[in-house]
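This report concerns only the one structure given below.
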Amino acid sequence: MKTTRRCRTLLSVSLNFFALFFSITAFITTYWCVGTQRVPKPKCSKLRTHQCIDYGVNETDPNKVVYSWETGDDRFLFRQFHTGIWFSCEENIDDESERCRSFIDLAPASEKGMLWLSLVSEMLYIVLLVVGFSLMCLELVHSSNVIDGLKLNAFAAVFTVLSGLLGMVAHVMYTQVFQVTVSLGPPDWRPYNWDYGWSFCMAWASFTCCMGASVTTLNSYTKTVIEFRHKRKTFEQSIREEHAREAFGYFRERSVHSISKSVEVYSSRSGRRTPIPADSLDLSDIANSLGEEQC
């Protein structure tokens, strides 16, 4: 199905908008990775009577040895946690609130540089998406001017492609940093099991929409250039054909006029000066008559 340039631009703007929305949402949320952490159960008290270890004694003598019959996973609590680019939050075992810590502080020292590079790439990714979206909106305004629209389309395609590459690099680097932090991070934070969350899925959905917008923009630019060149070639060909027809008509009139004057001169020499209309002349008959007269 043939689409117009405005429809292609609208499709690119829509894809770029979704990419921008998904990227900002993923950037500010803390559900890139979710899972559970295994922490020891606290000692039971008057305020906490469940999910705790009861040693069965009421003495408070610190020198008294107490025993617990809970073994294995019964000695631990499994609390939920979720981590984003900026913060990592886990359930507080003492109440129903959450405790959040900076993920930058949790990352190992060897990975902090890569994490900061991932953060900078993610911010540049969003900035370039904003620039590409603005250029596409301007192209919609200048849709009547083909030349200005092509320039804006080309710049929007370049910025969108660059943003997509930066987004891919940022996502891959963050994934690597998180996997290293799982193994080398603080013992009280290391997850028991984990998986990628909906923020991570939105980040890659943003990358997919960004690549779709860049491909659509490049396709729109290519099709517009091809259509423009085809129309220009057709126009130039029609101009050449019109000039050829005008030249042919001009030389045909000159030829007929010259033959008419020759016939008139010949007629005056023979004593019969009879003007012959140019429209009624037949070149073949005139040539035959001239041949017979000469004979």
Task: Pairs, first within 12 Å of Phe207 (Cβ to Cβ) in region 162-177, second surrounded by fewer than 19 Cβ atoms within 10 Å (Cβ to Cβ) and acidic (Asp, Glu), C-beta under 9 Å, six or more apart - done: none
Task: Single residue of Ser214, Ser220, Ser238 found to be at pLDDT 85 or above, of a type in the set (Gly, Ala, Ser) and surrounded by 10 or more Cβ atoms within 10 Å (Cβ to Cβ) - done: Ser214
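The values are calculated or read from the model by the stated rules, or taken from the named source; none is laboratory data. Since the structure is predicted, the reported quantities are computational estimates derived from the model, not experimental observations. Every residue, glycine as well, gets a Cβ built from its backbone with ideal geometry; the counts of neighbours run over all protein chains shown.
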